[in-house]
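Down below is the structure, laid out as structure tokens.
The values are calculated or read from the model by the stated rules, or taken from the named source; none is laboratory data. Worth saying up front: this structure is predicted, and the values here are computed from it rather than measured. Here the Cβ positions follow ideal geometry from the backbone for every residue, glycine too, while neighbour counts run over all protein chains shown.
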Amino acid sequence: MGQKRVLSGVQPTGSLHLGNYLGALKTWVSEQYEYENYFFIADLHAITVPHDPKTLAENTYTLAALYLACGLDPDSTTIFVQSHVSAHAELAWLLNCITPLNWLERMIQFKEKAIKQGEEVSIGLLDYPVLQAADILLYQADLVPVGEDQKQHLELTRDIAARFNFQFGHPKAPILKVPEPLIRPEGARVMSLTDGTKKMSKSDPSEQSRINLLDSPDAIRNKVKRCKTDPVRGLAFDDPERPECQNLLTLYWLLSGKSKADVTAECADMGWGQFKPLLAETIIEALQPIQSNYRDLMGDRSQLEAVLQQGRGRAEVLARQTLQAAKDALGYTRTL
Ligand code: TYM
């Protein structure tokens with residue numbers, strides 16, 4: 001049996017933070033040689049909320065550079081830009097026409113973002129998960145590694161694929177593969193530094209709430225120093241009354257590379273005054289190689305462009321096949 005195919009993406013909006021890294025990118029990198037990988041930059045999704053055309057291209061480059069800086073290997077992994085492969089938008093339209101409106105109105109992320117935007121909400125924001133389904137189904141992906149917040153979108157993708165296959169396919173020869181989410185429990189939900197009950201998010205207006213992968217050591221020290229804690233002495237995992245403690249200890253665990261048991265023992269009697277500098281230096285050390293790779297990559301745009309061009313070529317081959325199969329199933333003619 002061949003390798004399983006993995007696909008995922010990140011939107012080029014705002015800076016990549018520790019939630020994106022621990023929830024998605026770190027897993028992509030550490031498991032890349034086990035799978036056939038497709039990782040893309042979701043720049044069509046990036047315009048579902050108001051955006052600035054002056055920064056879209058630059059953010060796309062920055063994110064591609066971060067993919068590589070975090071350790072994705074372009075020889076074994078296809079890295080590409082969503083808008084470079086027009087089949088994404090085309091399959092999204094076909095899937096729109098078989099997706100019931102009420103499936104989309106139920107989406108938690110839509111409801112949350114729609115509240116913030118009031119009357120400015122676009123059809124694109126409502127349609128976001130259908131485009132995401134098209135991204136995944138075009139490549140017949142087996143597994144989709146994401147953070148916990150994407151679970152509902154992946155369930156919808158599975159429902160759309162099953163509905164398409166049921167309506168237009170043959171039970172023995174499904175047209176679209178029904179994918180499985182790949183959500184690693186550790187790091188799947190990194191929380192805000194200012195409120196341990198809210199997830200870390202690019203769209204939180206407070207910079208204090210997140211640590212970006214490109215933050216300077218001083219910025220990291222400052223954010224950790226000021227982050228929310230609790231009045232209890234001694235740090236422990238799995239206390240539902242202490243969400244900040246759970247989050248900060250998990251960050252230390254995942255970024256230090258130590259075992260959970262070692263971290264539990266090391267921090268059991270620690271106060272926050274001792275733990276915070278330790279956490280800050282651990283984060284700085286973990287991000288240092290990523291930041292240094294990033295600076296090198298941004299110094300040589302031609303290398304980055306070559307990676308994206310090669311990725312586009314590889315992605316287009318697969319995408320075109322699935323799009324054609326979907327159009328055939330829907331009854332479009334090829335010859336006229
Ligand atoms: P985006 O850019 O919002 O998030 C990128 C990835 O980061 C994960 N993530 C988190 N993980 C843990 N803790 C957090 N606080 C946290 N915040 C974000 C997200 O789960 C995601 O894996 N809709 C996707 C982009 C996308 C996509 C796709 C993904 C478009 N098409 C197809 C997979 C397959 C998103 O949330 O991007």
**Q.** Some residue of region 115-132 being within 13 Å of the ligand (Cβ to nearest atom), modelled with pLDDT of 95 or more, under 24 Å from Pro185 (Cα atoms) and surrounded by 17 or more Cβ atoms within 10 Å (Cβ to Cβ)
**A.** yes
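Every residue, every condition in (1) under 25 Å from Ala24 (Cα atoms); (2) in contact with a helix residue (DSSP H, G or I) (Cβ under 6 Å, 6 or more places away or on another chain); (3) among the charged types (D, E, K, R), yes or no:
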{"position": "Leu251", "(1), (2), (3)": "yes, no, no"}
{"position": "Leu255", "(1), (2), (3)": "yes, yes, no"}
{"position": "Lys260", "(1), (2), (3)": "yes, yes, yes"}
{"position": "Val263", "(1), (2), (3)": "yes, yes, no"}
{"position": "Asp269", "(1), (2), (3)": "no, no, yes"}
{"position": "Gln274", "(1), (2), (3)": "no, no, no"}
{"position": "Glu281", "(1), (2), (3)": "yes, no, yes"}
{"position": "Ile284", "(1), (2), (3)": "yes, yes, no"}
Q: Could you identify the single residue in Gly19, Gly71 that is more than 11 Å from the ligand (Cβ to nearest atom) and not aliphatic (A, V, I, L, M)?
A: Gly71
Q. For Gln208, which of the numbered conditions (1) farther than 29 Å from Glu31 by Cβ; (2) within 14 Å of the ligand (Cβ to nearest atom); (3) not small (Gly, Ala, Ser) fails to hold?
A. (2)
Q: Determine the pairs where a residue that is touching a residue at least 12 places away in the same chain (Cβ under 8 Å) and more than 25 Å from Lys228 (Cβ to Cβ), located within region 172-193, has a partner that is of a type in the set (D, E, K, R) and within 8 Å of the ligand (Cβ to nearest atom) with Cβ atoms under 8 Å apart, the partner being 6 or more residues away or on another chain.
A: Ile183/Glu148
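Taking region 169-192 as the region of interest, how many residues are hydrophobic (A, V, I, L, M, F, W, C) and away from the ligand (no atom under 11 Å from the Cβ)?
First, pick out the residues of region 169-192 that are hydrophobic (A, V, I, L, M, F, W, C): 173, 175-176, 178, 182-183, 188, 190-191.
Those still in the list that are away from the ligand (no atom under 11 Å from the Cβ) too: 173, 175-176, 178.
The total comes to 4.
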Q | Residue that is nearest to the ligand (Cβ to nearest atom), among those in region 1-15 that are of a type in the set (A, V, I, L, M, F, W, C) and surrounded by fewer than 24 Cβ atoms within 10 Å (Cβ to Cβ) | A | Val10
**Q.** region 133-143 - residue that is aliphatic (A, V, I, L, M) and touching a strand residue (DSSP E or B) at 6+ places or on another chain (Cβ under 7 Å) and, of those, nearest to the ligand (Cβ to nearest atom)
**A.** Ile136
Q | Criterion violated by Glu36 - all others in (1) surrounded by fewer than 20 Cβ atoms within 10 Å (Cβ to Cβ); (2) closer than 23 Å to Ile123 by Cα satisfied | A | (2)
